[in-house]
Amino acid sequence: MSRTALRICPLCEATCGLTLTIEGTRVTHARGDRDDVFSRGFICPKGASFGAVDSDPDRLRTPLVRRDGELREATWEEAFDAVAAGIRPVVERYGPNAVGVVLGNPNVHTMAGALYPPVLLAGLGTRSVFTASTVDQMPKHVSSGLLYGDANAIPVPDLDRTDHLLLIGANPLESNGSLCTAPDFPGKLKALKARGGTLVVIDPRRTRTAKLADRHIAVRPGTDALLLAAMARVLFDEGLVEPTPHVRGVEELSDALREFTPEAVADACDVEAGLIRVLARDLAAAPTAAVYGRIGSCTVPHGTLASWLVDVLNILTGNLDRPGGALFPQAATDKTPRPTGPGRGFALGRWHSRVSRHPEAKGELPLSALAEEIDTATEEGEPIRALIAVAANPVLSAPDGDRLDKALDSLDFMVSVDPYLNETSRHAHVVLPPPPPSRSPHHDFAFNTLAVRNQVRYTRAAIPLEPDRMAETEILARLILAVTGMHGADPAAVDQMVVDQTLGKAVREPHSPVHGRDPRELAARLTGENGPERRLDMMLRLGPYGDGFGVRPDGLTLEKLLAHPHGIDLGPLRPRLPQPLKTGSGEVELLPEPIAADLPRLRAALAERPEGLVLVGRRHLRSNNSWMHNVPALTGGSNRCTLHIHPADAERLGVRDGEAVRVKGAGGEVTAPAEVTDTVRPGVVSLPHGWGHDRPGTRLRHAATDPGVNVNQLLDGSLLDPLSGNAVLNGVPVDVAPATVPETPSLTEKLTPLT
Ligand SMILES: Nc1nc2c(c(=O)[nH]1)N[C@H]1C(S)=C(S)[C@@H](COP(=O)(O)OP(=O)(O)OC[C@H]3O[C@@H](n4cnc5c(=O)[nH]c(N)nc54)[C@H](O)[C@@H]3O)O[C@H]1N2
Ligand SMILES: Nc1nc2c(c(=O)[nH]1)N[C@H]1C(S)=C(S)[C@@H](COP(=O)(O)OP(=O)(O)OC[C@H]3O[C@@H](n4cnc5c(=O)[nH]c(N)nc54)[C@H](O)[C@@H]3O)O[C@H]1N2
Ligand code: SF4
Ligand SMILES: [Mo]
């Protein structure tokens, strides 16, 4: 007998509502939930394969503990005993910084990943913190921190209402969107065009998104900051500046960008000066417009400047914080909005990494520096000797996996919270496997703060957890206890502690709806089946739409949310300035000092025009970073690890379609089949990331049949955007040549001569 259950899809940032068909304890089918208040029935091929992803036979079912060098199945009790015994001595002997924490991408796709890592970091007190953010969007956080005083205040394009969308280094037709949560992003782009709007795409590849555009500009990789600076220059020179209110520093900005004229940047960008003027004029002329940049604008040498200039263009054209422009979402679990006024601002470089002295950003060190922080001793302090990895596969996702591979092997202790035995978790002494998504509840703490429409949804686990399994929330709560010296305590104590702290603080805040009340009385009112649900209830009730624990009886509570299984729509994005600002001035600070100090580096780039090929990445709709190549339904076809190369470059280099090519970078070399295609511009080649599933000791049986190569092996980890510490993953110089096939020795050569 089959039944259905609702589940928000965790497989990308679009957060579509799914209706799962369940037979027994298995998801046999997934379709879009037509009644979902946000996604309205949309589903993509990945979501449609939810069942296959969920029931992958290679998912681990029990914890693994290393004994005599081998990872063996163990009980949960044995596993947490081993974690406490592995981490505590390192903390006690070498201090907390000797314990590294790596948080990977799926943490933003699970409730556990939102609720527990902050407690883990606070409890451990380590500064050795690395996350996927520094191979992704850290430049955007830094730019937001400097402009708005809040690294998490990221404006999103108002896709449903804009008249003009300028999309830079993003390919939502494959990625389904990022830092812009929008189910059916492709449909929204088509709707934009259908209502007479304009789509402009800047990308060195003619992507599926670019094919949809009214105008596609195949910029030279890594030069977007120059291009955007020149667009800003045109706005100033042609009197097209009509800035958003609450902004300071417009004139200073005009001075600072003086040299970046269209003529000055044209050669470096490979975009004609006249066209740059047209781009700027079109942006200014549109009734409403939004500039939006993603991976291709972040993971480059001037990632922070490019991210900043995206917002600068929105601000100068008055499009920041207005409908149809780029606005700040307001999520249901956001903190109670504070009164408008100056804040504490955003500080960078409060401490530095030990080996290369990289400044911290948002409390994190660059993931590119993880290997050296483990394998290099300095007089400054202890190297990392123990590592906690949660949902992270940096051996494939970060630069120079071979070095990291060796470094991980040298650790005294490592624990991975991961459903797979993969390239990274194979080094762990303990692997703690979370249950598959069908067994986990879901709420998008992170993505609702980036959504193109305010809404709130919560789905409980679609299938009950088997008795031998442990919820990821409990795994992380027990992990926190084990590594902070409270091993064996009741995991509910972790949630209780957070509730006590949060409510204790809320009652002291004059602007809180619960100001002056008794925190114990409030805690007693919380509903929910378990700690995580009680915490969700608390956040909803304290949040901007909350019931304030009875103050606003119509407001949100967990109970109310549960009564709306398809979610609650909270309306379109609304102008919010100046409330979100936390800068020292209380205004948008258009030309922050660290940005001004980085402009000379951009100026130097005007003259840079390296010879040779540069590498960029690409994503495929049926893939997801490094962990979805093990699902047969999602592999094959065009989802392959091939090197895209333009016909002109192929001919010049003697590279033939389908034949092996050797790609060499600063960090190493890889060999992959060539795919000759004019969808990449001349001078640029493209390899996808997340491949290279050929290391021993993993259990990814399907992925190993077509392992692909690790593009990040071409990097040595030294190329960073200096302000954010973000890895440079795009626009990287490489050499490409046909792979000389090693000649097979003939039979006679193999035989040892008898004479
Ligand atoms: N060259 C190049 N490199 C890149 C990129 C690029 O564009 N080009 N993109 C970068 C970007 S944007 C990102 S975000 C990073 C991603 O890099 P990572 O943060 O390392 O994330 P993934 O590669 O997705 O690996 C996720 C890990 O989490 C595990 N996992 C899956 N589901 C769950 C779960 O529910 N719970 C737990 N605990 N674990 C789970 C998987 O098994 C896997 O080990 O890669 C970056 N690397
Ligand atoms: N199917 C699928 N979906 C995903 C993921 C996945 O792996 N697969 N990963 C998820 C994650 S973690 C993230 S962060 C998002 C990322 O979401 P997107 O940013 O939309 O990701 P990409 O598809 O990599 O698009 C980046 C584009 O930038 C272009 N580019 C490269 N260098 C430059 C440059 O210098 N300038 C410009 N203008 N463009 C450049 C590339 O050619 C590419 O088309 O996707 C998410 N969704
Ligand atoms: S677009 Fe993303 S969230 Fe929606 S079904 Fe596909 S993978 Fe899931
Ligand atoms: Mo990402």
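The values are calculated or read from the model by the stated rules, or taken from the named source; none is laboratory data. Predicted, not measured: the structure shown is a model, and the values here were computed from it. Please note: Cβ atoms are built from the backbone with ideal geometry, for glycine as well, and neighbour counts cover all protein chains shown.
A few comments on the model shown:
- Taken across segment 272-286, residues that are without any contact (Cβ under 8 Å) to a residue 60 or more places away in the chain, assigned to a loop (DSSP other than H, G, I, E, B) and of a type in the set (D, E, K, R) do occur, with at least one present.
- The residue of segment 53-110 that is farthest from the chain's Cα centre (by Cα), among those that are within 16 Å of ligand 3 (Cβ to nearest atom) and β-branched (Val, Ile, Thr), is Val53.
Residue by residue, here is whether (1) of a type in the set (Asp, Glu); (2) modelled with pLDDT of 95 or more; (3) in contact with a strand residue (DSSP E or B) (Cβ under 6 Å, 6 or more places away or on another chain); (4) within 16 Å of ligand 3 (Cβ to nearest atom) holds:
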site: His620; (1), (2), (3), (4): no, yes, yes, yes
site: Met628; (1), (2), (3), (4): no, yes, no, yes
site: Leu634; (1), (2), (3), (4): no, yes, no, yes
site: Asp649; (1), (2), (3), (4): yes, yes, no, no
site: Val655; (1), (2), (3), (4): no, yes, yes, no
site: Ala660; (1), (2), (3), (4): no, yes, yes, no
site: Ala666; (1), (2), (3), (4): no, yes, no, no
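- Within segment 92-118, tally of residues that are within 14 Å of ligand 1 (Cβ to nearest atom) and in a loop (DSSP other than H, G, I, E, B): 3
- Qualifying residue in segment 671-686 (condition: within 16 Å of ligand 2 (Cβ to nearest atom), of a type in the set (S, T, N, Q), at pLDDT 95 or above and surrounded by fewer than 21 Cβ atoms within 10 Å (Cβ to Cβ)): yes
- Cross-chain or 6+ apart pairs with Cβ under 9 Å, segment 701-712 first and more than 23 Å from Val616 (Cβ to Cβ), then in a helix (DSSP H, G or I) and more than 16 Å from ligand 3 (Cβ to nearest atom): His702/Pro632
- Complete set of residues in segment 17-46 that are over 12 Å from Ser438 (Cα atoms), within 7 Å of ligand 3 (Cβ to nearest atom) and touching a strand residue (DSSP E or B) at 6+ places or on another chain (Cβ under 6 Å): Ser39, Phe42, Ile43
- Test result for Asn712, closer than 24 Å to Arg206 by Cα, at pLDDT below 95 and not assigned by TED's automatic domain parsing to the domain that holds Glu373: no
- Among the numbered conditions (1) small (Gly, Ala, Ser); (2) surrounded by fewer than 22 Cβ atoms within 10 Å (Cβ to Cβ); (3) within 20 Å of Leu60 (Cβ to Cβ), the only one that Ser425 does not meet is (2).
- Candidates in segment 401-419 are the residues that are under 20 Å from the mean Cα position of the chain (by Cα) and not acidic (Asp, Glu); of these, the one that is surrounded by the most Cβ atoms within 10 Å (Cβ to Cβ) is Ser416.
- Residue match in segment 117-124 (condition: closer than 26 Å to Leu536 by Cα and within 16 Å of ligand 2 (Cβ to nearest atom)): no
- Close contacts from segment 580-602, counting a first residue that is among the basic types (Lys, Arg) and a second that is surrounded by fewer than 18 Cβ atoms within 10 Å (Cβ to Cβ), with Cβ to Cβ under 6 Å and a gap of 6+ residues or different chains, come to Lys582/Gly343.
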